[in-house]
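A short write-up of the structure that comes next.
The values are calculated or read from the model by the stated rules, or taken from the named source; none is laboratory data. The structure presented is a predicted model; accordingly, all values stated were derived computationally and were not measured. Heads up, the Cβs are rebuilt from the backbone with ideal geometry, glycines too, and the neighbour counts pull from every protein chain shown.
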Amino acid sequence: MRINWGTGIVIAFVCFIAFIMYFVVNMMVGDRFNHDLVVEDYYQQELTLQDDIDKEKNSQTLEENVSWKKTAEGILIQFPKSINETQISGIVSLYRPSNKALDFELPIALKNHTLLVPEANLVDGRWNLKVDWTNNGSSYIYKQSLTY
């Protein structure tokens, strides 16, 4: 049996489509490829975006903003010294873009205007730090991308 050039082209297209479909199906059902959303309640968080923008504007009016540094014990978050630490409340969130199972939150409990995020909770790599805090009825937010 002889195959002419028209049949050869059709066979080549069918093989190419089968090749592409194999990879598409493999990516969709493969366990090693994680297809998690960034957050589960994406639309709910989108509604609070203006609040975050207002909090960032409030943070820019501070003489001294929140800062962080990497230490042997973990990440040390420094709050402004000009604010009474007993009046500061809020949550520190650490988000791991590559694995949502590593995400965690800590309530703000300060000691000498600092909060330590223990090294035991952290895995080497990229983290998104978000400090959402209030003081005397004013809300502030600090966002930073860091590598631990």
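Checking Trp68 against (1) surrounded by fewer than 18 Cβ atoms within 10 Å (Cβ to Cβ); (2) under 24 Å from Asp54 (Cα atoms): exactly one of these is not met. Which one?
So the condition that Trp68 fails would be (1).
Let me confirm something: among Thr61, Thr71, which residue is polar (S, T, N, Q), in the same structural domain as Asp132 (by TED's automatic domain parsing) and closer than 23 Å to Asn136 by Cβ?
That would be Thr61, the only listed residue that is polar (S, T, N, Q), in the same structural domain as Asp132 (by TED's automatic domain parsing) and closer than 23 Å to Asn136 by Cβ.
Looking at this structure, is Val39 modelled with pLDDT under 90 and aliphatic (A, V, I, L, M)?
yes
Taking the range 57-70, which residues are touching a residue at least 40 places away in the same chain (Cβ under 8 Å) and polar (S, T, N, Q)?
Once the filter is applied, which keeps residues that are touching a residue at least 40 places away in the same chain (Cβ under 8 Å) and polar (S, T, N, Q), the range 57-70 yields Asn58, Ser59, Asn65.
Inside the range 92-138, can you point out the residues that are in contact with an Asp or Glu (Cβ under 7 Å, 6 or more places away or on another chain) and charged (D, E, K, R)?
Arg96, Lys100, Glu119
In the range 125-136, what count of residues is obtained for those that are free of Cβ contacts under 8 Å to residues at least 60 places away in the same chain and either of a type in the set (Ser, Thr, Tyr) or more than 13 Å from Asp103 (Cα to Cα) (or both)?
Residues that pass the stated criteria total 3.
Looking only at residues that are of a type in the set (A, V, I, L, M) and exposed (fewer than 13 other Cβ atoms within 10 Å of the Cβ) in the range 92-122, which one is nearest to the chain's Cα centre (by Cα)?
Ala101
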